[in-house]
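This report concerns only the one structure given below.
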Amino acid sequence: MYTFVLRDRNSSVYAEVGKMLISTGQWRRLRRDNPRFNLMLGERNKLPFGTLGHEPGVAQLVNYYRGADKLCRKASLVKLIKSIPELESCNWFPESYVIYPTGLQVTAIPLQNGLTVQRNNVRTDDREVFLASYHKRQGNAERNVWVAKSSAGAKGAGIFISSDANELLDYIDSQGQVHVIQKYLERPLLLEPGHRKFDIRSWVLLDHQYNIYLYKEGVLRTSSDPYNSTDFQDITSHLTNHCIQKEFSKNYGKYEEGNEMFFEEFNQYLMNTHNVSLENSILPQIKQIIRSCLISIECAIGTKLLPYHSFQLFGFDFMVDEDLKVWLIEVNGAPACAQKLYAELCQGIVDVAISCVFPLSETTQKPSAQSVFIKLGS
């Protein structure tokens, strides 16, 4: 009998994984503070990596890789791409700069006499480099649109779009936290009817041996309203996040149920409108970007020499421009899942990432769901 603890009460994905494990009859859930578990389904930023793998006689697996935030925080992703030669010259990530608000304070630093001191943040940022790039483009205003995004923001929060550099920097200075300024994709591929923006969410599973798997299904998160290239405050025109569309657009659900289009329908759309298939045009680019990102950090986060194993589910978010070129926008380290995909995706996590480490007996082993994941080769 294997054992697991569930410490993330907010993850619907891992709640479902836990139910599937129990249903096999070969897994038992322990109290969350019991250290003698085989599997920890933990909370992303509260994992006891330092104590994992030290329980005598207990093999342990955890659902996150330590250090994967190098990819999953916007500012860290920008720094990573600029610091690794294999990524620095990539042509699939928009021009981006890390900006700290002026006057940002760091956490109070304790002194030996019991007092504390708070000092100004002396980190240098990309403010001047951004301004230099901005002014080079200044002759063509319609090609000089940028988006400021909070490094820790989610669900469309902390985003500001403008073609005015001073507006962008003033906005960041008013927010009091690190942001990324990124070149805005001004000519995205648009969906008809409606002349609407979309982005693509792809789920990626990294197993304990650092094999990379792409979930066969993906989802387009669509806008409800026409793309408006002249009004950047029209948020439902520019931001495709579900929460933004559902709260602010009167047309939510008009074109697709829940503003979601899945790959089969998107493939048919591409065939009808551009005479290309998803498999031959967009997916090869997505696969190459995913591999490049994860391979670049393998040496930093891999667990092959550690006393425990890791796996992790990622959500890679992409946009496509009018030339069918794919751009990486960001990476989510704890992605939610489209409702209709939960059962299949979670069963795939069990079969590919967990049962390979803790195999089930033949009498209860379900047919493998590995086919729902595509292994990305070298």
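Restricted to the stretch 165-191, and to residues there that are assigned to a loop (DSSP other than H, G, I, E, B) and in contact with a strand residue (DSSP E or B) (Cβ under 7 Å, 6 or more places away or on another chain), the residue that is surrounded by the fewest Cβ atoms within 10 Å (Cβ to Cβ) is Arg187. Candidates Val58, Val62: the one that is aliphatic (A, V, I, L, M), without any contact (Cβ under 8 Å) to a residue 24 or more places away in the chain and within 30 Å of Cys299 (Cβ to Cβ) is Val58. Restricting attention to the stretch 17-44, the residues that are in contact (Cβ under 8 Å) with a residue 40 or more places away in the chain, open to solvent by 40 Å² or more (accessible area, probe 1.4 Å) and either among the β-branched types (Val, Ile, Thr) or under 19 Å from Val357 (Cα atoms) (or both) add up to 1.
Each residue in the stretch 238-250 was checked for being within 20 Å of Leu189 (Cα to Cα) and either outside any helix (DSSP H, G or I) or of a type in the set (Asp, Glu) (or both), and 3 of them qualify.
The number of residues in the stretch 269-288 that are part of a helix (DSSP H, G or I), polar (S, T, N, Q), under 15 Å from Leu189 (Cβ atoms) and open to solvent by 30 Å² or more (accessible area, probe 1.4 Å) comes to 3.
Filtered by the rule that a residue be of a type in the set (D, E, K, R) and either open to solvent by less than 60 Å² (accessible area, probe 1.4 Å) or at pLDDT 95 or above (or both), the stretch 45-57 gives a lone residue, Glu55. I'd like the full set of residues that are open to solvent by less than 50 Å² (accessible area, probe 1.4 Å) and either of a type in the set (Phe, Trp, Tyr) or out of contact with any strand residue (DSSP E or B) (no Cβ under 7 Å at 6 or more places or on another chain) (or both), limited to the stretch 295-326. Listed by number, the residues that qualify are Ser296, Ile297, Ile301, Gly302, Tyr308, Phe311, Phe314, Phe316, Phe318, Leu324. Note on the stretch 192-207: residues that are among the charged types (D, E, K, R) and in a loop (DSSP other than H, G, I, E, B) amount to 3. Checked against the criteria, Tyr215 does not count as hydroxyl-bearing (Ser, Thr, Tyr), surrounded by fewer than 20 Cβ atoms within 10 Å (Cβ to Cβ) and at pLDDT 95 or above. All told, Tyr210 falls short of being at pLDDT 95 or above, in contact with a helix residue (DSSP H, G or I) (Cβ under 7 Å, 6 or more places away or on another chain) and crowded, with 21+ Cβ neighbours inside 10 Å. The set of residues in the stretch 327-357 that are more than 21 Å from the chain's Cα centre (by Cα), open to solvent by 10 Å² or more (accessible area, probe 1.4 Å) and not small (Gly, Ala, Ser) comprises Asp351, Cys356, Val357.
The values are calculated or read from the model by the stated rules, or taken from the named source; none is laboratory data. From a predicted model like this one, the values you see are computed outputs, not experimental measurements. Positions of Cβ are generated from backbone atoms using ideal geometry, with glycine treated the same way; all protein chains shown enter the neighbour counts. To get the accessible areas, we keep the full protein, side chains included, count just its heavy atoms, and leave off ligands, DNA and RNA. Shrake-Rupley method; radii C 1.70, N 1.55, O 1.52, S 1.80 Å.
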